[in-house]
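A short write-up of the structure that comes next.
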């Protein structure tokens with residue numbers, strides 16, 4: 001037994017919510033912007049025009065330029081690659097490791113469940129942003145370290161979600177039938193149990209990407225993310241705050257990019273919850 005999502009009815013149900021459909025459309029738009037950044041961006045993200053520094057928005061530079069004369073629009077476009085990559089990869093890290101730990105804890109139970117979940121409780125006692133800051137400060141700046149820091153900090157949440165799903169599924173008849181027919185424990189976990197935990201994991205992952213982008217921006221804002229001249233949105237905000245009184249465009253546009261991306265993911269996550277939860281289907 002496995003959970004399958006029929007794509008066309010799924011999209012129809014999702015489109016009933018205007019906010020969720022907006023989230024889906026905007027997320028697809030941002031993915032296209034990230035993929036084709038080299039074609040869409042009018043300038044290279046590191047191209048400098050020292051004779052045109054801190055220029056306000058104009059036809060030549062719709063979002064203005066920064067303190068080095070770099071086009072802010074181009075840097076936001078290229079920055080979408082970094083933010084979305086960090087969001088998706090960090091959630092994938094948390095999903096793989098957290099999902100595995102949660103599945104093992106829920107399926108085997110007993111001491112295995114006790115020890116794994118007590119460790120997860122310790123990590124959950126630490127605020128996720130603070131834990132990510134600690135990991136990033138230990139590993140140092142860099143894209144890989146940033147994704148790892150955000151991903152590791154989110155592992156306990158996914159372990160909790162998967163464990164709850166496994167506990168509600170493992171005693172069902174088809175699981176017992178698979179066990180009686182000689183199916184291995186890990187075979188049953190990956191073949192039968194985890195696919196039936198897909199719905200809450202999809203919702204959690206969508207909301208997790210939004211939070212991961214926010215955490216990554218926060219780490220870059222305090223200097224624990226990517227190093228210059230990489231166009232990360234949080235780092236752009238950090239630089240722009242020094243000029244916020246006279247040149248607010250340096251913070252307004254990166255801030256809007258972060259806000260709209262996170263808002264669209266939250267809208268999409270709420271819509272997916274309504275669509276995938278049988279109790280909320282109409």
> So which of 106, 98 ends up being in a helix (DSSP H, G or I), farther than 17 Å from residue 233 by Cα and modelled with pLDDT under 90?
Replying inline: 106
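One line per residue, one yes/no per condition, for (1) surrounded by fewer than 19 Cβ atoms within 10 Å (Cβ to Cβ); (2) out of contact with any strand residue (DSSP E or B) (no Cβ under 7 Å at 6 or more places or on another chain); (3) modelled with pLDDT of 90 or more:
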{"site": "130", "(1), (2), (3)": "yes, yes, no"}
{"site": "139", "(1), (2), (3)": "yes, yes, no"}
{"site": "142", "(1), (2), (3)": "yes, yes, no"}
{"site": "146", "(1), (2), (3)": "no, yes, no"}
{"site": "151", "(1), (2), (3)": "no, yes, yes"}
{"site": "155", "(1), (2), (3)": "no, yes, yes"}
{"site": "167", "(1), (2), (3)": "yes, yes, no"}
{"site": "171", "(1), (2), (3)": "yes, yes, no"}
> With 110, 98, 87, 79 as the choices, which residue is farther than 22 Å from residue 199 by Cβ and under 23 Å from the mean Cα position of the chain (by Cα)?
Replying inline: 79
>> Anything in the range 183-194 that is modelled with pLDDT of 70 or more and either surrounded by 15 or more Cβ atoms within 10 Å (Cβ to Cβ) or not in a helix (DSSP H, G or I) (or both)? List them, or say none.
In response: 184, 188, 189, 192, 193, 194
> In this structure, is residue 175 touching a helix residue (DSSP H, G or I) at 6+ places or on another chain (Cβ under 9 Å), under 25 Å from residue 120 (Cα atoms) and in contact (Cβ under 8 Å) with a residue 12 or more places away in the chain?
Replying inline: no
>> Name the residue that is surrounded by the most Cβ atoms within 10 Å (Cβ to Cβ), counting only residues in the range 196-251 that are farther than 23 Å from residue 266 by Cβ, modelled with pLDDT under 85 and within 21 Å of the chain's Cα centre (by Cα).
In response: 226
> When only residues in the range 23-50 that are assigned to a helix (DSSP H, G or I) and over 18 Å from the mean Cα position of the chain (by Cα) count, which is surrounded by the fewest Cβ atoms within 10 Å (Cβ to Cβ)?
Replying inline: 39
> What number of residues in the range 59-92 are closer than 21 Å to residue 159 by Cβ and surrounded by fewer than 21 Cβ atoms within 10 Å (Cβ to Cβ)?
Replying inline: 3
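The values are calculated or read from the model by the stated rules, or taken from the named source; none is laboratory data. Nothing here was measured: the structure is a model prediction, and the numbers come from that model. Reconstructed Cβ throughout: ideal geometry from the backbone, glycine too, with neighbour counts over all protein chains shown.
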